[in-house]
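Here the structure comes first, spelled out in structure tokens, and everything after it is commentary.
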Amino acid sequence: MTRLDELFASTRAEGRAALVGYLPVGFPSYEQSVAAMVAMVESGVDFVEVGVPYTDPGIDGPVIQVAVDAALRAGTKVAQVFDAVRAVSAHAPAVIMGYWNPIERLTPKVFAQRLKDAGGSGAITPDLIPEEAGAWLEAAKEHDLDPIFLVAPSSTDERLEVVGRTNRGFVYAASTMGVTGTRDTVSNRAEELVARTRQHTDLPVAVGLGVSNGAQAAEVAGYADAVIVGSAFVRALQDGGLDAVRRLAADLSEGVRRKA
Amino acid sequence: MTIAGAAPELPDKSGHFGPYGGRFVPEALIAALDQLTREHEKALHDEVFLAELDDLQRNYAGRPTPLTEAKRFGEAIGARVFLKREDLAHTGSHKVNNVLGQALLTKRMGKTRVIAETGAGQHGVATATAAALFGFSCTVYMGEEDTRRQALNVARMRLLGAEVVPVTTGTRTLKDATNEAFRDWVANVETTHYAIGSVVGPHPFPMLVRDFQRIIGVEARQQLLDRIGRLPDAAIACVGGGSNAMGLFHRFITDEAVALVGCEAGGDGVETGRHAAPLTAGEPGVLHGARSYLMQDDDGQTLDTHSISAGLDYPGVGPEHAWLRDQHRAVYRGVTDVDAMAALELLAKSEGILCAIESAHAFAGAKQWVAEQGRDDLVLLISCSGRGDKDVDTAARWFGLVSEQDIERASAVRAAQE
Ligand SMILES: Cc1ncc(COP(=O)(O)O)c(C=O)c1O
């Protein structure tokens, strides 16, 4: 059992959904980003998505775009992502969330090796599909990392089957057709997507895109195994620093424990 | 026939040209890409589609475009030169070839909105034009920097009824406009077709755009055979994303004696690092949905590019060019801003043809290539991919044809009118 498997076993035993928090490394500085990730965990986040800053974040909305742009301008390097994973994984499981080119550039083998050495559990790769992932799947397997691909409302049953069969750890269900960002309501297509995904896999299904508060987290926790929150954490960190991050994590954490 | 006979062997079923191409996109887009692949495949064998496209190309876009012998320019560079006149196609560049094909596909898919990215604005203008013709709504993403240096084309797009969205993220040029177009597409894919403007992006775009641009080389090859009874020694084109070059080259790939020469934007000089020449000085990587040559740093971050030409100012390039490069079937070279502008002037003054700054890179590259061959009997086929109206402002400043005072006075008049 990997660390993520154990985590999901325990949240399932508690009869609740897991809470996942995303922040990009290097925003507003390396130190502050790591402090905020640790603060998230101390305030109720179950595991962390450590964001690899990338110049062309195609599936991210304005909040995350601005943050990763700032991180890169401040000189953040991919090597620091592994440092951040090391720091965070002392407190909770950590997966990286990274676009494909920085991984390919380092080579899948070396990236996987360094992620494992840092104590990482796996990688979410939003612009990589299983069909293009041969080298990555091999490297992830060798280093016992969970490869996590996404499903979307437009995914056919055939594709849900491929992703369900290929993933380890969990399946990331994008709640809506769109980019990251907070939304007033979480798309009702999310629940249907989770149900369809479950027909093809026994892995936990995590829902991301759009969740920003405890009430939304409770709603999603009613049908998913995990709730992923990104832009709202970035905005909290930007506007209110560590305190705001802690408050948001506590609110969300209460949400995933509430029965909607 | 317009696109019949497209060489089917590459890409393979999953969109790869050897190690290049493929699909590196969010899962949310896969269904739409599959739909587009199916629709394209069907269209290639559908007499009705081919007839409709042929009619549009002839009677709307003005194809076939002429093949012009450039005698005085040829004398100046020491070769016999023929120009494929894409500048005379409707909207002023080759971009219309691709857009008419994609507009027909959009209609067949039942979609009612098209979006596009644009650098020089030529693809944006072509897309806005097709949208007006087909009754689609149209949004064009353009880097803020490019809306400034290609202001004429912004006005053209708006006159044609398109919404132009200036993109203020990242480097504010074509790369970031492409990111924004992808984001729009993910959110609106059910009603919207993303008409990519070059042979870039995830499969099937590099293949699909090539198939629609292939007519450039098909026509030119026949025209040249009819005119002089032989094939050229070289086919030469500028390379931004690579669509006019791929369109010119493709029919000649199996004509092994014909050299294929692609001219990238060398900016301040490839050795300075300030350029947009990934095939000349980049390395393989993934950007905008495909693996190809790419300007990137050691962390795989995309590098800033520099070129006087908005249409070539792009860190990536189509995957089929990467393949042709590795196979040594085509050669690529960087052409500096200075050399391109000198060639623009030479062509204007020797032939009375004011070409786009993008196309000028091909003319400069042709001159250099001829000088390297050490022969005086060469026949060149050069893609004149677009006309230079949009670039008059940039060129006037470059050659000092207007004083700062003129510019200030003109902008004061404009401000007063607003
Ligand atoms: C006239 C002209 N030529 C060439 C290009 C470069 O595109 P491609 O390399 O796809 O032909 C552009 C792009 O804007 C253009 O406007």
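Observations on the model:
- Summing charges over all other residues whose Cβ lies under 15 Å from the Cβ of B:GLY247, with Lys and Arg as +1 and Asp and Glu as -1, gives +2.
- Net charge over other residues, Cβ less than 12 angstrom from the Cβ of B:GLU69 (K, R count +1; D, E count -1): +4
- Put simply, the Cα atoms of the protein assembly as shown extend 82, 58, 48 Å along their principal axes, the longest span coming first.
- For region B:1-105, the list of GluC sites (Glu not before Pro) that fall in a loop by DSSP and count at most 13 other C-beta atoms within 10 angstrom reads B:GLU9.
- Residues of region B:17-49 whose accessible area, computed with a 1.4 Å probe over protein heavy atoms, drops by at least 10 Å² once all protein chains are present relative to their chain alone are B:ARG23, B:PHE24, B:VAL25, B:PRO26, B:GLU27, B:ALA28, B:ILE30, B:ALA31.
- These residues, B:TRP185, B:TRP369, B:TRP323, B:TRP398, go from largest to smallest accessible area, 1.4 Å probe, as B:TRP398, B:TRP323, B:TRP369, B:TRP185.
- Projecting the Cα atoms of B:PRO66, B:THR168, B:HIS16 onto the charge dipole of chain B, computed from C-beta unit charges around the Cα centre, puts B:PRO66 farthest toward the positive end.
- Neighbour cut-off at most 14 other Cβ (10 Å), DSSP loop, trypsin sites (Lys or Arg not before Pro), region B:302-378: B:ARG375
- Solvent-accessible area per residue for chain B (1.4 angstrom probe, square angstrom): 35 Å²
- The residue list A:VAL41, A:ASN101, A:PRO126 was ranked by how far each Cα lies along the charge dipole of region A:33-127 toward its positive end, using unit charges on Cβ atoms, and A:ASN101 comes out on top.
- For chain A, the gyration tensor built on C-alpha atoms gives a rounded shape. Its axis ratio a/c (a ≥ b ≥ c) stays under 1.5.
- Simple Cβ-charge dipole of the protein assembly as shown, Lys/Arg +1 and Asp/Glu -1, about Cα centre, in debye nearest 20: 760 debye
- Within the shell of other residues whose beta carbon sits under 9 angstrom from the beta carbon of A:GLY58, the net charge comes to -2, with Lys and Arg scored +1 and Asp and Glu -1.
- Dipole magnitude for chain B: computed about the Cα centre from +1 point charges on Lys and Arg Cβ and -1 point charges on Asp and Glu Cβ, it is near 940 debye.
- In a DSSP loop and with at most 16 other Cβ atoms within 10 Å, there are no trypsin sites (Lys or Arg not before Pro) in region A:141-181.
- Selection from B:ALA220, B:THR302, B:GLY285 lying farthest towards where the dipole of region B:220-305 points positive, charges on Cβ: B:ALA220
- Charge dipole (Cα centre; +1 on Lys/Arg Cβ, -1 on Asp/Glu Cβ; no other charges) of chain A amounts to roughly 280 debye.
- In chain B, the calculated helix contribution to ellipticity at 222 nm averages -13500 deg cm²/dmol per residue, counting -39,500 (n - 2.57) for every DSSP H run with n ≥ 4.
- Förster radius 25 Å - calculated FRET efficiency between A:GLU42 and A:ALA74 (Cβ-Cβ, nearest 0.05): 0.50
- Area buried, chain B against chain A - accessible surface, total, 1.4 angstrom probe, square angstrom: 2800 Å²
- Rg/Rg_ref, region A:1-89, where Rg_ref = 2.2 N^0.38 Å and atoms are Cα: 1.18
- Among B:GLY262, B:GLY386, B:GLY170, the largest mean-square fluctuation in a Gaussian network model of chain B (Cα springs under 10 Å) belongs to B:GLY170.
- Among the residues of A:48-58, the average count of other protein chain beta-carbon atoms within 10 Å of the residue beta-carbon is 5.
- Averaged over the residues of peptide B:299-309, the number of Cβ atoms from other protein chains lying within 10 Å of each residue's Cβ is 4.
- Hydrophobic, long helices, defined as DSSP H runs whose alpha-carbon span along the helix axis is 20 Å or greater and whose mean Kyte-Doolittle value is at least -0.5, occur in chain A at A:231-257.
- Taking every residue in A:61-74 and counting other chain Cβ atoms within 10 Å of its Cβ, the average works out to 1.
- By definition, a body whose alpha carbon gyration tensor gives a ≥ b ≥ c is rounded when a/c is under 1.5, and chain B falls into this rounded group.
The values are calculated or read from the model by the stated rules, or taken from the named source; none is laboratory data. The structure presented is a predicted model; accordingly, all values stated were derived computationally and were not measured. Positions of Cβ are generated from backbone atoms using ideal geometry, with glycine treated the same way; all protein chains shown enter the neighbour counts. For accessibility, only protein heavy atoms count, side chains too; no ligands or nucleic acids. Shrake-Rupley method; radii C 1.70, N 1.55, O 1.52, S 1.80 Å.
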